[in-house]
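First up is the structure itself, then whatever we jot down about it.
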Amino acid sequence: MPSNACGPYKYEHDIICQLIENGSKVLDLGCGEGDLLLRLQQEKDVQGVGVEVAEEKVYKCIGKGLSVHHGDIDEGLKDYPDKSFDYVILSETLQEVRKPYLAIEEMLRVGKRGIISFPNFGYWKARWQLFAYGTAPITDSLPYEWFDGPNIQFFSIKDFRRFCELKKIKIVQSVYFNCGHKVSLLPNLLAQSALCVLE
């Protein structure tokens, strides 16, 4: 998980902690080193499980006392029964998976609600860098060089909303933000990141 001066990831975690009720059952897909899962256990007393593809991160999670399984989201979640979690979280991970629709379909199968956050490729600084310089954009929420990052899907808030309409996925709540502040005006242009609650 990248970090930056604006700290949008901590802010995103703040939002997720506010959304999830105490004692919920939570599955965190692509949980990384388990920072969010640990915080949810400490602050919200959740029954949390993580799934992570990077083996070294799984070991770090286990070292923190977290229940994390080594697995690839692109292969589905066949080990988990339908609606076995209150929430399934896909935090800053959707842009890294090869099969985004499968990941979302599976998260909504095993969870009553899904929480997805992602960097907004439609953010004005990303558009400007592509338009003015003709180069792949680097912003606070897209911090990697094109040849050295995990992102393989580049989509905007508008793309994601259109995808949900097409697949008949209900967005029950959306939060758009930029450097730790909510963005309500023209989010596809002015927000670096988005978080959506799905059913």
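The values are calculated or read from the model by the stated rules, or taken from the named source; none is laboratory data. Note that the structure is a prediction, hence the values are computed from the model and not measured. Don't worry about glycine lacking a Cβ; one is built from the backbone with ideal geometry, like all the others, and counts go over all protein chains shown. Keep in mind that these areas ignore ligands, DNA and RNA; they rest on the heavy atoms of the full protein, side chains included. Shrake-Rupley method; radii C 1.70, N 1.55, O 1.52, S 1.80 Å.
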Amide H contacts under 5 Å for Asp28, placed H, 5+ residues apart: Val49, Gly50, Val51, Ile89
Accessible carbon and sulfur surface of region 40-187 relative to its total accessible area, %, 1.4 Å: 53
Nearby lysines by direct alpha-carbon distance to Lys57 (threshold 20 angstrom, same-chain neighbours under 8 apart not counted): Lys10
Whole-Hz ³J(HN,Hα) from phi, Karplus 6.51 cos²θ - 1.76 cosθ + 1.60, for region 177-188, glycine and proline x: 8, 8, 6, x, 10, 5, 10, 10, 8, 6, x, 5
Gyration tensor (Cα) of region 98-199, equivalent ellipsoid semi-axes in angstrom: 25, 16, 12
R0 of 41 Å, Cβ-Cβ distance Trp146-Asp45: FRET efficiency to nearest 0.05: 0.50
Neighbour-limited loop hits for chymotrypsin sites (Phe, Trp or Tyr not before Pro), region 111-173 (at most 13 other Cβ within 10 Å; DSSP other than H, G, I, E, B): Tyr144, Trp146, Phe147
Model label zone, Cys179; criterion: amide N under 16 Å from point 7 Å along Cα-to-beta-carbon; scope region 116-135: 123-126
24 Å Cα-Cα reach of Lys83 towards lysines, excluding residues that sit fewer than 8 places from it in its own chain: Lys25, Lys44, Lys99, Lys112, Lys167, Lys168, Lys170
Nearest 10 degrees, 0 to 90: helix 35-44 Cα axis against the chain principal axis: 60
Candidates Gly114, Gly180, Gly50, ranked by Gaussian network fluctuation over the chain, Cα under 10 Å, top entry: Gly180
Acute angle (nearest 10 degrees) that the helix 8-19 long axis makes with the longest principal axis of the chain, alpha-carbon atoms: 50
Degrees separating the helix 100-110 axis from the principal Cα axis of the chain, which is the longest one: 30
For the chain, diffusion coefficient by Stokes-Einstein and Kirkwood Rh (Cα), 25 °C, 0.890 mPa s, µm²/s: 144
Candidates Leu185, Leu66, Leu142, ranked by Gaussian network fluctuation over the chain, Cα under 10 Å, top entry: Leu185
Two-site label geometry, Lys78 and Arg109: point separation in nm, points 7 Å out along Cα→Cβ: 1.0
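So how do Arg113, Arg162, Arg39, Arg127 rank on accessible area, 1.4 Å probe, biggest first, that is with the largest at the start?
My answer, sorted largest first, is Arg162, Arg127, Arg113, Arg39.
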